[in-house]
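Visitor: The structure under discussion is supplied below as structure tokens; questions concerning it will follow.
Every number here is computed from the coordinates shown, using simple stated rules; none is lab data. None of the values given here were measured: they were computed from a predicted structure. All Cβ positions, even for glycine, are placed from backbone atoms using ideal geometry, and neighbour counts span all protein chains on display.
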Amino acid sequence: MTLRKWFYLFWTTLVIGAVIGMLTGLTMQLTDIEAVRTGKAVGFNLVTSLLGGATISVLSQMGFFAYLIVRYIFIGMIPKKWVWDYLQMIAVVIVLFDLVYLRYTGAEGTPAFLPYLVLPLAIILVGCLVAWLKVKWTNKSAWIPTLFFMIAVTSLEALPSIRLDKAASTVFMMVPLLACNAWQILILQKVLGTGKEPI
């Protein structure tokens, strides 16, 4: 990857994160009845959301490049691709289990179980959509790496907001993070000019 290609990926991801963060913040504020009724400063919250989304996009980029490096190292260490694929799928299952079970058991009192399924199901849905697009634009071997990145890596990146166990913070972090991760994984082969190679 040349410096010019990296700059393109960096700035486009930054813009996507900032715009999606701003839109997410605005939507959250407009759907908060208390904020609308009291007339909290919309302009200030828009700037804060924009900066927050830009920061989340940088976190997304760090996670993306960390994943690419780890993937490169593991593919060099494990000669059989199917072993690496199985390891990724095991990691996906563990992460999804943790997103439900650990959050549910760590909650105070005895909360309802169903709300704890919403986040993992949303991540699976977005991950499958992005993996389907990646396979369509490259080849079928891209399915598992894309799914792993969109589910496991995104969940690790979003850990600070997930640990808070507050719906608003989780939504504000997950929406720009999923958008930035989807953009990076889908545009990578075009940026690198690798054609049908998955990653």
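Visitor: Counting just the Cα atoms, what span does region 3-192 cover along each of its three principal axes? Round to the nearest Å and put the largest first.
Guide: 60, 47, 25
Visitor: Please go through region 85-170 and write out the chymotrypsin sites (Phe, Trp or Tyr not before Pro) that DSSP classes as loop and that have at most 14 other C-beta atoms within 10 Å.
Guide: Filter output for region 85-170: 113.
Visitor: May I ask you to derive the relative contact order of the chain, considering only C-alpha pairs under 8 Å and at least 6 residues apart, and to give it as an integer percent?
Guide: In percent, rounded to a whole number, it is 29.
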